[in-house]
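The values are calculated or read from the model by the stated rules, or taken from the named source; none is laboratory data. In this text the structure is predicted, and so the values were computed from the model without any measurement. A quick note on method: Cβ atoms are made from the backbone with ideal geometry, for glycine too, and the neighbour counts reach across all protein chains shown. Please note that ligands, DNA and RNA were not included when accessible areas were found on the heavy atoms of the full protein model with its side chains. Shrake-Rupley method; radii C 1.70, N 1.55, O 1.52, S 1.80 Å.
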Amino acid sequence: MGDQARRHPGLLRRIAAAGHAIALHGLTHRRAFEMDRADWRQAVRDGKTLLEDLSGSAVRGYRAPEWSLRGAAADWWQDLPELGFHYDSSRVPLAVIGTPAWPRLPHQLAEGFWELPPPVLWSGPVRMPLWGWGPRVLPFSLVRRALETLAQEDAGTPLVLHPWELDAEQPRLPGLTLGHRYTHSAGLRGYAGRLRDLWDGFQLTTLETWVEAR
């Protein structure tokens, strides 16, 4: 997030110095379809410039807050190559936060520009996220097998982790809906260890590396 990077520039530089690729999650956490296209485009441009100035590294990837390149913003990805991005991860093949008909695996939306959907479990009409509450509450063996399948396919699938998911003692925010309370609290306790076991043995790489190898 651009606003968080502005508040904690030293942390951003430490992350970049450790070899992690930096991508943009928005200048703020405002959803794309809540903005008009010109304002969204300017916010994306400003966020990319800010992260590059602070980190000293190129920003090639984008993910809209809450995977919000949908609805009125469904075709706004077309602006991203012009703005200097090589890939996007803002379109989810799930109901409510996306469209189940969207492709489940990485694919090109335009020449040289990739869409990298977050991983989902199952490919039919009934799908579940393999990020957030999904890996926290679904049976371990089920999630592990799904990740192994993606690895065998060299799927280029983003593994999504919010830092707050590693803090089981985080404050409970007031005013959340029942759905948000569940997705933000279910299965938090012990998740760090579970995540280490889920990822054990996998060779992870950056999305930039995967895209550049295509």
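Data for the structure
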quantity	calculated
The range 60-100 - charge dipole about Cα centre, Lys and Arg +1 at Cβ, Asp and Glu -1, debye rounded to 20	160 debye
Exposure of residue 15 as accessible area (Å², to 10), given a probe of 1.4 Å and all protein chains	70 Å²
Sparse-neighbour loop sites [GluC sites (Glu not before Pro); the range 95-197; at most 14 other C-beta within 10 Å; DSSP]	111, 153, 169
Gained length - residue 74 relative to residue 205, 0.36 nm times residue gap less alpha-carbon distance	44.3 nm
Debye, to nearest 20: dipole size of the chain, +1 on Lys, Arg Cβ, -1 on Asp, Glu Cβ	640 debye
The range 64-182: mean projected area of Cα convex hull, nm²	9.0 nm²
195, 161, reordered so the largest accessible area comes first (probe 1.4 Å)	161, 195
Spherically averaged projected area in nm², based on the convex hull that wraps the Cα atoms of the chain	12.3 nm²
Kyte-Doolittle mean at least -1.0 and Cα axial length at least 24 Å: DSSP H helices in the chain	37-55
Filtered chymotrypsin sites (Phe, Trp or Tyr not before Pro), the range 69-153: DSSP coil and at most 16 other beta carbons within 10 Å	122
Simple spin-label estimate for residue 7 and residue 138 in nanometres, 7 Å along Cα-Cβ	3.2 nm
Two-decimal Rg to Rh for the range 116-186 - Kirkwood Rh, Cα set	1.01
